[in-house]
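The structure under discussion appears below in the form of structure tokens.
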Amino acid sequence: MNPPRTSSPPTFSSLPELLAQQARARPTAVALQFEDQLLTYCQLHAQTLALADVLRSRGIAAGDRVAWLGLNHPGQLALLFALAQLQAVLVPLNYRLAPAELQTVLADCRPRLLVHDMAFEALALSVIAQTAIICIANEALQATTPAPSATHPPSLPVPDSPVLLVYTSGTTGAPKGAMHTQATLLANMAAAAQVQAITAQDRVLTVLPLFHVGGLCIQTLPALYAGATVLLHARFDAGATLASIQSDAPTLTLQVPATLKALTEHPHWLATGLRSLRAVWAGSSLLPPALLGAFQTRGLPLCNVYGATETGPFSIALPPEKAASHAGSCGWPTPGVQVQLRDAQNGVGELLLRAPNVVTHYWPDLPATDADGWFHTGDLGQQAADGSYTIVGRAKDMVISGGENIYPAEVENALTTHPAVAECAVLGLPDARWGEVLAVVLVLHSHTSATDQELTAYLAQRMARYKLPRRYLRVTSLPRTALGKVQKSQLQPLFN
């Protein structure tokens, strides 16, 4: 049986309507707090309308793409709502990408305009060289007065119009742009606000990058949907995050395993008061046991959200009241989300999702779902008797050794509970006798050691013999994508 849900939040037909209604209902309430700036809902709405006029005067029309390259800033959120007014599309760029990678994205989606902050001016100018893309600083765009011909009543936005083009990390190939419409974003906001019980009284701390759907769509946009206050940081810094928790009294925040680890290892972790927080949410299919324990020890639920760039991403969630009893689980499907385990064997199958917050296509017209509307996640999951789901690995990562299916995530989870292991990645290596055998690339905690035999003996107490690794390799760090995913394709050559 699914855990109880809160009452449904209000519904809106478009992003501009959302902001307009919030401005009317709570004009003086703070929508965004950024550095020393407080922006009320009325001010954010006015800024968005003015920005829409500026963009219109620059020739931005329905269907046009506008890219953003910069740190988190209120201007990026205003740009999203302004483009929604014009039925145009925001393309948030991952500033961690190499120039050649950014040029690939820009060549694919062909934006009319690239808006950047001053910190990334040089990079912005370099990646648009020899293109027709116009480059402008966010500060200059916000200060621009629209041409008189542009100041006319705006058109009514269409809910199904594309509004957000987010590129996948490209771990398995070339990046693809997932095309979210206003309708998919609103469906995601409604579900996320409902499951997290976000209300107008909440103060949501956003420190993850808004160029990713995790930072933008799990809490930030749902907070604005509910009329709450967003405490926006330009970027994650462990010390600044803990200081904000202490002084700004947020009620919710979203993190990922890497930032959770940085927080718990910071010198001020134990001295920081966490009483204002009712929960910390994490965007991850798997949470290391050590991190779960660090928060549980302090009496703070560490909740989980599962999803993908293509799914909103708020698709399966573990709420606060189930965080302790279902550690390691992703939880239950969120309102409106259907889940299917395809080709299940022994209860494990590929996770398929179908929901109003799932994109239907990649840019420009490549289908993102099958003929029946199911999105194939590529993740292997299993469902418990109570309806909750757990991710056990990636379909492409499954190792078959001696005819037995082995899911690397299961071995990784067990190995990271060893006191000497900081993090690890498990993969399969070709083997003449067994077909494949398991190998581990691991990072040890400083000033610790563990032999191969000790690690194998430790695992042997926790899982079947056929799941035990045959080879170990110690490194100082694991290669990761800009979004923090381990690049296992770079690990296999290390064993040659």
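So here's what we get for this one:
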item	result
Residues within the range 227-276 that are touching a Phe, Trp or Tyr at 6+ places or on another chain (Cβ under 6 Å) and under 19 Å from Leu32 (Cα atoms), tallied	2
Boolean, Val305 is part of a strand (DSSP E or B), more than 18 Å from the chain's Cα centre (by Cα), of a type in the set (A, V, I, L, M, F, W, C) and closer than 22 Å to Ala395 by Cα	no
Considering residues of the range 5-44 that are within 24 Å of the chain's Cα centre (by Cα), open to solvent by less than 30 Å² (accessible area, probe 1.4 Å) and of a type in the set (Gly, Ala, Ser) only, the residue modelled with the lowest pLDDT	Ser14
Leu77 in contact (Cβ under 8 Å) with a residue 60 or more places away in the chain and open to solvent by less than 30 Å² (accessible area, probe 1.4 Å)	yes
Qualifying positions in the range 105-114 - within 22 Å of the chain's Cα centre (by Cα) and either modelled with pLDDT under 95 or buried (at least 24 other Cβ atoms within 10 Å of the Cβ) (or both)	Val105
Test: residue in the range 307-328 that is charged (D, E, K, R) and open to solvent by 40 Å² or more (accessible area, probe 1.4 Å)	yes
The range 308-339 - residue that is part of a loop (DSSP other than H, G, I, E, B) and free of Cβ contacts under 8 Å to residues at least 60 places away in the same chain and, of those, nearest to Thr253 (Cα to Cα)	Ala323
Count of residues meeting criterion [farther than 17 Å from Leu231 by Cα, in contact with a Cys (Cβ under 8 Å, 6 or more places away or on another chain) and not in a strand (DSSP E or B)] in the range 27-84	1
Candidate set: the range 451-466, residues that are open to solvent by 50 Å² or more (accessible area, probe 1.4 Å) and assigned to a loop (DSSP other than H, G, I, E, B); chosen: the one modelled with the highest pLDDT	Thr451
Of all residues making up the range 467-493, the number that are charged (D, E, K, R) and modelled with pLDDT under 85	1
Boolean, Arg56 is closer than 27 Å to Leu366 by Cα and either in contact (Cβ under 8 Å) with a residue 40 or more places away in the chain or open to solvent by 10 Å² or more (accessible area, probe 1.4 Å) (or both)	no
Meets criteria (under 18 Å from Ala223 (Cβ atoms), in contact (Cβ under 8 Å) with a residue 12 or more places away in the chain and either in contact with a strand residue (DSSP E or B) (Cβ under 6 Å, 6 or more places away or on another chain) or not polar (S, T, N, Q) (or both)) for Asp248	yes
Extreme residue, nearest to Leu19 (Cα to Cα), among residues of the range 88-104 that are touching a residue at least 12 places away in the same chain (Cβ under 8 Å) and surrounded by fewer than 22 Cβ atoms within 10 Å (Cβ to Cβ)	Asn94
Selection from the range 420-447 of residues that are more than 28 Å from the chain's Cα centre (by Cα) and at pLDDT below 95	Leu429, Pro430, Asp431, Ala432, Arg433, Trp434, Gly435, Glu436, Val437, Ser446, His447
Residue match in the range 153-162 (condition: of a type outside the set (Asp, Glu), open to solvent by less than 40 Å² (accessible area, probe 1.4 Å), at pLDDT below 85 and part of a loop (DSSP other than H, G, I, E, B))	yes
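The values are calculated or read from the model by the stated rules, or taken from the named source; none is laboratory data. Note that this is a predicted model, so its numbers are computed, not measured. When we count neighbours, we look across all protein chains shown, and the Cβ atoms used for this are built from the backbone with ideal geometry, even at glycine. What goes into the accessible areas is simple: the full protein's heavy atoms, side chains included, and nothing from ligands, DNA or RNA. Shrake-Rupley method; radii C 1.70, N 1.55, O 1.52, S 1.80 Å.
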